[in-house]
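The values are calculated or read from the model by the stated rules, or taken from the named source; none is laboratory data. It should be emphasised that the depicted structure is a prediction, and the values quoted were computed from it without experimental measurement. Calculation scope for accessible area: heavy atoms of the full protein, side chains included, ligands and nucleic acids excluded. Shrake-Rupley method; radii C 1.70, N 1.55, O 1.52, S 1.80 Å.
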Amino acid sequence: QVQLVESGGGLVQAGGSLRLSCQASGRTFSSYTMGWFRQAPGKAREFVATITSGGTTNYADSVKGRFTISRDNAENTMYLQMSSLTPDDTANYYCRASRSIFDYWGQGTQVTVSS
């Protein structure tokens, strides 16, 4: 069982930056592929970025060059550094841990970007 807790969301002006964190419980964090997803009001949840256990990253086209995903296995924490934010980035951001048949989600942290 893995428990995930996101933090770092908030209100920011367009063009600003935020760093989200995802703190994971358990001793096997390093073996999971970790990811960030987001869901805006009235829209489906969408992929933002992932990072594998080996550190390979993948990004949605909409965030490439603006967002950076990283992980600190010693601290059981994953991060999402977001810059050049726009109102279209407004959403609830969710952290995900996946490995084989296991799939865990956090409760989300709200990011609101004002124009």
Note, the range 97-113: 3J(HN,Hα) by Karplus (6.51, -1.76, 1.60, θ = phi - 60°), whole Hz, Gly/Pro = x, goes 10, 9, 6, 6, 8, 8, 8, 10, 10, x, 8, x, 9, 7, 10, 10, 10
Quick one: which residues, 5 or more positions from GLY16 or on another chain, have an amide H under 5 Å from its amide H? H modelled 1.01 Å from N in the peptide plane, none for Pro or chain starts. LEU85
Surface share of carbon and sulfur [accessible, 1.4 angstrom probe, percent] for the chain: 46
Report the Rg/Rh value for the chain, based on alpha-carbon coordinates and the Kirkwood definition of Rh. 0.95
What does the accessible area per residue of the chain come to in Å², with a 1.4 Å probe and no ligands, DNA or RNA counted? 53
State, as an integer percentage, the relative contact order of the chain based on alpha-carbon contacts under 8 Å between residues 6 or more apart. 37
